[in-house]
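The values are calculated or read from the model by the stated rules, or taken from the named source; none is laboratory data. In this text, all values refer to a predicted model and were calculated from it rather than measured experimentally. Here the Cβ is made from the backbone with ideal geometry for all residues, glycine too, and neighbour counts use every protein chain on show. These area figures cover heavy atoms from the full protein model, side chains too; ligands, DNA and RNA do not enter into them. Shrake-Rupley method; radii C 1.70, N 1.55, O 1.52, S 1.80 Å.
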Amino acid sequence: MRQNMKTKTKIPMRQCTGCREMKNKKEMMRILKTPENEILLDTTGRKNGRGAYLCVSMECLEKAMKNHGLERSLKTAIPQEVYEDLKKEFEKIEKRQS
């Protein structure tokens, strides 16, 4: 964890499963595997379950799909329709940001 020098608070860092870069947790999206084995986008970052993090970019999502980073992090196989749903959500987010 990095420290904010002004307030001396620790900034939680997470690794993107796509590009493998360490970034501030607040800058990333959390993909969640619930106890019921459902895979969804956790926009709050607080839901219960196993999480994996991605940069908010379609490029990182595609890298994670190609290198099976999400499957490794969530320790489960991810169906293609889940990836399609995640793509749609990321497209919405990218449109809002631009």
- surrounded by 13 or more Cβ atoms within 10 Å (Cβ to Cβ), touching a residue at least 40 places away in the same chain (Cβ under 8 Å) and part of a strand (DSSP E or B), is that true of residue 41? yes
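Any chance region 30-38 includes a residue that's assigned to a strand (DSSP E or B), at negative phi and in contact with a Lys or Arg (Cβ under 6 Å, 6 or more places away or on another chain)?
So the first thing to find is which residues in region 30-38 are assigned to a strand (DSSP E or B), and the list is 30-33.
Those left that are additionally at negative phi: 30-33.
Those still in the list that are in contact with a Lys or Arg (Cβ under 6 Å, 6 or more places away or on another chain) too: 32-33.
Yes: region 30-38 contains one or more residues that are assigned to a strand (DSSP E or B), at negative phi and in contact with a Lys or Arg (Cβ under 6 Å, 6 or more places away or on another chain).
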- Message: Quick check on this structure: which one of 96, 30, 72, 14 is open to solvent by 40 Å² or more (accessible area, probe 1.4 Å) and within 10 Å of the chain's Cα centre (by Cα)?
- Response: 14
- Do we have residue 59 as closer than 16 Å to residue 76 by Cβ and out of contact with any strand residue (DSSP E or B) (no Cβ under 8 Å at 6 or more places or on another chain) here? no
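Scan region 58-85 for residues that are of a type in the set (S, T, N, Q) and part of a helix (DSSP H, G or I) and jot them down.
Of region 58-85, the ones of a type in the set (S, T, N, Q) are 67, 73, 76, 80.
Within region 58-85, 73, 80 meet the criteria.
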- Task: Working only within region 32-60, note down all residues that are closer than 20 Å to residue 95 by Cβ, of a type in the set (A, V, I, L, M) and modelled with pLDDT under 95.
- Result: 40, 41, 56, 58
